[in-house]
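Here is the structure we will look at, set down as structure tokens.
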Amino acid sequence: MAVTTCLTEMQEKKLQSCFGGKRFTLLYKASVHDFSGHNVYKRCNNQGPTVMVIYSGHDIFGAYIKDSYQEYGEKIPIVLFAFQKNEISECKIGAYSPSTFLCLYNEDNCSEFLLNLDGKKVTMKLDAIEKLQLKGQVSNERHQKHQKDQIISIKECEVFRCEDLLDKRNMEEITQLHKSLLFDIKSYRPYRDLVRQIRILLLGPTGAGKSSFFNSVKSVFRGHVTHQALVGSDAAGVSDKYRVYSIKDAGHYNSLPFILCDSMGLGEEDKGPCMDDIVYILKGHISDRYQFNPMKPITPGHSNYIENPLLKDRIHCAVFVFNINSVEHLSYEMMAKIKKIRRELIKCGIIHVVLLTHVDSLDLITKGDFIDIYRCTPVKCKLQMVHKELGFALSDILVVSNYTSEWELEPVKDLLILSALRQMLWAADDFLEDLPPEKTDFIYSFMRDT
């Protein structure tokens, strides 16, 4: 039977984040491996940095041991910690040898932290207890060695090996997956070759990250951070133009098999693009650099109006872009507008997904979590909220961390961007596959013969 921790998922996540984004592996549990300091040493020797978690009647506290146990006499830097309601308090106590803080030889010393597992108790200095804000009752043992020592009875003790989430082995896997995703997208061909490039429309409130997502996608394929599309977060936005961006591959400068269409930010009431313009975009009637007028939609005869759009001019996938930190605070008017746009998308048969940006700014999320981001509790909570409030299927909600302030590319961020883009291409294929045969057979024959 597998040995499991007493920590909740959120407690473990907070502890991992507190010490720089670590992966924990449970090495020792007192109730399973016996309350023995010698057993702790045997199981944790040469295991690298470890975290010791101690459970008393009222508190959860412990020690972060920064280096591997190697020799009995070698001193190791230690940081004490304790769980509070919304945070973890810390107290640095210097360096001690395992034989000292594990009381392996019952040494008479003045250590600030002594764990006597055989006696199921911890001896700590009163000032350390106060710094950690421990609220549990101490035992009434009369034989305390020093007047300022306090002895705390313990019920359980666990020790975890700490490893960097992005260690060498993981980075090698990330590099391989990065290459695979790049190859898949570069070699992608739309369903039955009905179009040469998929058109993906980005919709969302001002400052949600639409233009930043385009910049991020271009950065990944060009091999360096770029900022072609202007980015802003103020209420007025940066651009009130409709932009159509085709991205070229680095080196070969071949156009990639998709086009990102960036629209004016959605606004409340009479702000943002009017609904008629959005419908015209979906049907392919509006060309690049069209100047939006929130009070007046485009009309036939306008220089940016396409009278008879082809399938290649239409939108094949729509993406609602939201800031993951503010998506739950959308106003009633904004929610109503989004639902209205969704109804138009359904009428056109266009598959649409959600893209949540700024996932790296969520509390307790580190770059190491990007490897398996959809399993992280803070992210799962956000996805459930979007599913409940906006009605999107959980599988249609994607998360990314855009390039907004970085100067260098990071492979682990690229994975989220590329994975989201691949899902959008697959959604576009679903749209093309669902078109009536009479609308696609002629196009297919024409594309095949040219």
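Observations
- Restricting attention to the stretch 245-290, the residues that are surrounded by fewer than 18 Cβ atoms within 10 Å (Cβ to Cβ) and β-branched (Val, Ile, Thr) total 1.
- Those residues of the stretch 142-160 which are open to solvent by 50 Å² or more (accessible area, probe 1.4 Å) and at pLDDT below 90, in sequence order: Arg142, His143, Gln144, Lys145, His146, Gln147, Lys148
- Of all the residues in the stretch 303-335, those that are of a type in the set (Val, Ile, Thr), modelled with pLDDT of 95 or more and not in a loop (DSSP other than H, G, I, E, B) number 2.
- The sole residue among Asn325, Asn293, Asn308 that is within 33 Å of the chain's Cα centre (by Cα), without any contact (Cβ under 8 Å) to a residue 40 or more places away in the chain and surrounded by fewer than 21 Cβ atoms within 10 Å (Cβ to Cβ) is Asn325.
- For the stretch 161-201, taking the residues that are outside any helix (DSSP H, G or I) and closer than 30 Å to Gly62 by Cβ, the one that is most open to solvent (accessible area, probe 1.4 Å) is identified as Asp164.
- Residue that is surrounded by the fewest Cβ atoms within 10 Å (Cβ to Cβ), among those in the stretch 378-403 that are over 10 Å from the mean Cα position of the chain (by Cα) and of a type in the set (Ser, Thr, Tyr): Ser395
- Number of the condition not met by Pro49 [criteria: (1) more than 30 Å from Phe370 (Cα to Cα); (2) out of contact with any helix residue (DSSP H, G or I) (no Cβ under 9 Å at 6 or more places or on another chain)]: (1)
Table: residues versus (1) open to solvent by less than 40 Å² (accessible area, probe 1.4 Å); (2) modelled with pLDDT of 85 or more; (3) not aromatic (Phe, Trp, Tyr).
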{"residue": "Tyr64", "(1), (2), (3)": "yes, yes, no"}
{"residue": "Pro77", "(1), (2), (3)": "no, yes, yes"}
{"residue": "Pro98", "(1), (2), (3)": "yes, no, yes"}
{"residue": "Tyr105", "(1), (2), (3)": "no, no, no"}
{"residue": "Phe113", "(1), (2), (3)": "yes, yes, no"}
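The values are calculated or read from the model by the stated rules, or taken from the named source; none is laboratory data. As the structure is a computational prediction, the values presented were derived from the model and not from experiment. Cβ atoms come from the backbone with ideal geometry, glycine included; neighbour counts cover every protein chain shown. In case anyone asks, the SASA skips ligands and DNA or RNA and just uses the protein heavy atoms, side chains included. Shrake-Rupley method; radii C 1.70, N 1.55, O 1.52, S 1.80 Å.
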